[in-house]
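Here the structure comes first, spelled out in structure tokens, and everything after it is commentary.
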Amino acid sequence: MTLPGSPFLAYRGDDLHLEGVSLKALAQAHGTPLYVYSRQAMLAALAPYQKALAGRPHLVCYAVKANSNLAVLQTFAEAGCGFDIVSGGELARVLAAGGDPAKVVFSGVGKTRAEMRQALEAGVRCFNVESTAELEVLSEVAAAAGRTAQVSLRVNPDVDAGTHPYISTGLKGNKFGVAHEQAVATYRRAAELPGLAVTGIDCHIGSQITEVAPYLDALDRVLDLVEAIEAAGVPIHHIDLGGGLGITYTDEAPPAADALIGQLLARIDARGHGHREVLFEPGRSLVGNAGVLLTEVMYLKPGEQKNFCVVDAAMNDLARPALYEAWMAIVNTSVRQGDAPVWDVVGPVCESGDWLGRDRALNVQAGDVLAVLSAGAYGMTMASNYNTRGRAAELMVDGEQVWVVREREQAADLFKLEKRLPR
């Protein structure tokens with residue numbers, strides 16, 4: 001059977017393995033729902049980025065929002081990565097995982113003053129500023145703290161990345177970034193403000209992008225701005241091209257990371273900007289196909305119009321299908337012979353939107369363990385406690401080694417910060 005995603009995921013006989021470990025055995029030992037990640041798959045996904053950028057000033061900043069488990073962050077920190085964060089909480093995670101704050105870029109449209117102070121005290125490399133209003137506030141916070149905030153403006157190039165509207169970020173109608181037409185004036189203002197030092201320019205056009213053309217279009221617009229900004233007297237030291245490279249969930253064919261970067265670097269060099277440091281912020285492409293979500297089949301419920309396969313994972317464990325109808329492959333961790341009826345794979349949450357996959361041909365029985373593939377990105381980070389359901393445990397595998405990198409939440413964990421009224 002051909003599986004989308006990681007080459008580290010394969011059947012051995014009738015048993016699905018991630019690296020050298022049986023997924024069914026992990027489910028039996030640790031319970032379900034259960035997230036399992038491959039450390040080797042993450043490092044293999046990082047390697048093309050590092051290879052393509054070797055020999056020139058660069059920094060690969062892993063996008064923490066894709067998967068923020070401490071062991072995942074530790075894996076990338078030890079591999080030399082920086083980090084792209086969007087909250088003070090993510091900064092705290094990076095530091096707890098051993099990340100270097102001098103390799104952290106702080107993105108996001110709504111940074112609070114407290115988060116700005118936290119990042120300044122930690123010594124982050126750069127703030128990716130997304131509005132003139134934010135620029136003014138950061139100047140106030142930095143000046144009051146007696147510090148200098150290195151800033152890069154995130155510009156909105158108005159480029160269609162050809163992805164789902166919820167994860168498109170580079171169009172005029174999106175909330176992100178400074179409008180292309182206002183960029184030069186905003187850079188002039190940044191250069192005037194106390195407590196700030198302009199260091200670069202940033203652009204991010206979306207997520208799950210599967211074509212090269214949108215990146216090249218955005219790059220040309222960014223380089224046009226670099227030339228205009230420097231002509232206005234504001235030097236630009238680095239170019240941050242964001243992330244967003246897609247993965248294969250079903251039949252998508254995104255470019256390889258090194259092929260994409262090779263084309264971008266060639267364009268940068270051809271336009272005379274090869275001396276500048278380049279930053280990339282990959283997330284999904286590093287972890288998406290490195291993880292699976294395991295879930296046990298509880299009940300099979302045939303019906304007149306639909307057959308329902310009821311599992312113990314739900315929309316609170318994996319929000320992507322309910323949030324934007326994301327398609328993720330679902331397979332049985334044990335090969336069964338015979339017919340494969342068509343099922344809707346649904347969870348126990350009291351919402352009709354609680355489904356993991358629709359119209360899936362599966363040969364299953366109650367008690368089987370299913371694997372939702374390509375679940376390493378935006379799975380656990382988007383999980384919730386809806387219906388007072390504890391979030392899943394997380395495991396990391398490396399060869400035949402297995403680590404519990406997050407314990408399963410218990411009911412008491414979910415209300416330990418709540419208080420009853422006094423009587």
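Tabulated data for the structure shown
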item: Residues being crowded, with 17+ Cβ neighbours inside 10 Å and either touching a Leu at 6+ places or on another chain (Cβ under 6 Å) or under 28 Å from F83 (Cβ atoms) (or both) - total across segment 4-25; result: 10
item: Strands (runs of 3 or more DSSP E) contained in segment 253-367 and holding at least 2 residues farther than 30 Å from A71 by Cα; result: 291-301, 308-311, 342-346, 355-361
item: Residue match in segment 32-40 (condition: assigned to a helix (DSSP H, G or I), within 25 Å of V404 (Cα to Cα) and basic (K, R)); result: yes
item: Inter-residue pairs, beta-carbon under 7 Å, first surrounded by 15 or more Cβ atoms within 10 Å (Cβ to Cβ) and of a type in the set (A, V, I, L, M, F, W, C) and in segment 244-258, second in a loop (DSSP other than H, G, I, E, B) and at pLDDT 90 or above, 6+ apart; result: L245/P254; L245/P282; I247/P254; I247/S374
item: Test for G82: is it outside the structural domain of L241 (by TED's automatic domain parsing) and surrounded by fewer than 18 Cβ atoms within 10 Å (Cβ to Cβ); result: no
item: Residue match in segment 296-308 (condition: modelled with pLDDT of 95 or more, assigned by TED's automatic domain parsing to the domain that holds M382 and crowded, with 18+ Cβ neighbours inside 10 Å); result: yes
item: Hits in segment 386-403 (condition: in a strand (DSSP E or B) and of a type outside the set (V, I, T)); result: A393, E394, L395, M396, D398, Q401, W403
item: Residue that is surrounded by the most Cβ atoms within 10 Å (Cβ to Cβ) [pool: residues in segment 59-74 that are of a type outside the set (A, V, I, L, M, F, W, C) and under 11 Å from the mean Cα position of the chain (by Cα)]; result: Y62
item: Selection from segment 287-327 of residues that are touching a residue at least 60 places away in the same chain (Cβ under 8 Å), under 17 Å from G353 (Cβ atoms) and of a type in the set (G, A, S); result: A313, A314, A319, A326
item: Subset of segment 395-423 [in contact (Cβ under 8 Å) with a residue 60 or more places away in the chain and touching a Lys or Arg at 6+ places or on another chain (Cβ under 6 Å)]; result: M396, D398
item: Looking only at segment 97-152, and only at residues there that are at pLDDT 95 or above and among the hydroxyl-bearing types (S, T, Y), the one that is surrounded by the most Cβ atoms within 10 Å (Cβ to Cβ); result: S107
item: Residues being part of a helix (DSSP H, G or I), small (G, A, S) and either crowded, with 18+ Cβ neighbours inside 10 Å or in contact with an Asp or Glu (Cβ under 7 Å, 6 or more places away or on another chain) (or both) - total across segment 191-237; result: 1
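Residue-wise test of (1) outside the structural domain of S22 (by TED's automatic domain parsing); (2) surrounded by 14 or more Cβ atoms within 10 Å (Cβ to Cβ); (3) among the small types (G, A, S); (4) in a loop (DSSP other than H, G, I, E, B).
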| position | (1), (2), (3), (4) |
| --- | --- |
| T381 | no, yes, no, no |
| S384 | no, no, yes, yes |
| V405 | no, yes, no, no |
| R420 | yes, no, no, yes |
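The values are calculated or read from the model by the stated rules, or taken from the named source; none is laboratory data. Here the structure is a predicted model, which is why all the values come from computation and not from measurement. Here Cβ is always computed from backbone atoms with ideal geometry, including for glycine, and neighbour counts include all displayed protein chains.
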